[in-house]
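Comments concern the structure below.
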Amino acid sequence: MFEEIACINSVMEELDDEDFLFIRIGEDFEDLEIQGRYWDNPFNLDVVRTVEFSLPITEETTERTTERTTETEIENAI
């Protein structure tokens, strides 16, 4: 559909599988495409999915974080 994408696909079709690694991540969780088997993978390309959240920053949560950090520092020092 797009000229740039067609160009990339054309180049990948001409290469041996061992000469490239292409990872495309779509919008849906299962929309994942991996092409090629580049053996060296110098950039450590991989797909990692995480879920993160954070609490709103308030004076109370800052105090709790400080307390936890202090306890961790003590445990590490022992």
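If only residues of segment 31-60 that are in contact with a Phe, Trp or Tyr (Cβ under 6 Å, 6 or more places away or on another chain) and either hydroxyl-bearing (Ser, Thr, Tyr) or in a loop (DSSP other than H, G, I, E, B) (or both) are counted, the one that is least open to solvent (accessible area, probe 1.4 Å) is 36. Pairing each residue of segment 22-43 that is touching a residue at least 12 places away in the same chain (Cβ under 8 Å) and at positive phi with any residue that is part of a strand (DSSP E or B) and aromatic (Phe, Trp, Tyr), provided the two are 6+ apart or on different chains, yields C-beta distances under 9 Å for 36/22.
So, residue 13, is that one at pLDDT 85 or above, loosely packed, with under 10 Cβ neighbours inside 10 Å, part of a helix (DSSP H, G or I) and over 24 Å from the mean Cα position of the chain (by Cα) or not? So residue 13 passes the test.
Remark: residue 23 matches the filter, which requires a residue to be among the hydrophobic types (A, V, I, L, M, F, W, C), assigned to a strand (DSSP E or B) and at pLDDT 85 or above.
The values are calculated or read from the model by the stated rules, or taken from the named source; none is laboratory data. Model, not experiment: these values are computed from the prediction. Neighbour counts run over all protein chains shown; Cβ positions are idealised from the backbone, glycine included. The protein model used for the area step is the full one, side chains on, heavy atoms only, and it has no ligands, DNA or RNA in it. Shrake-Rupley method; radii C 1.70, N 1.55, O 1.52, S 1.80 Å.
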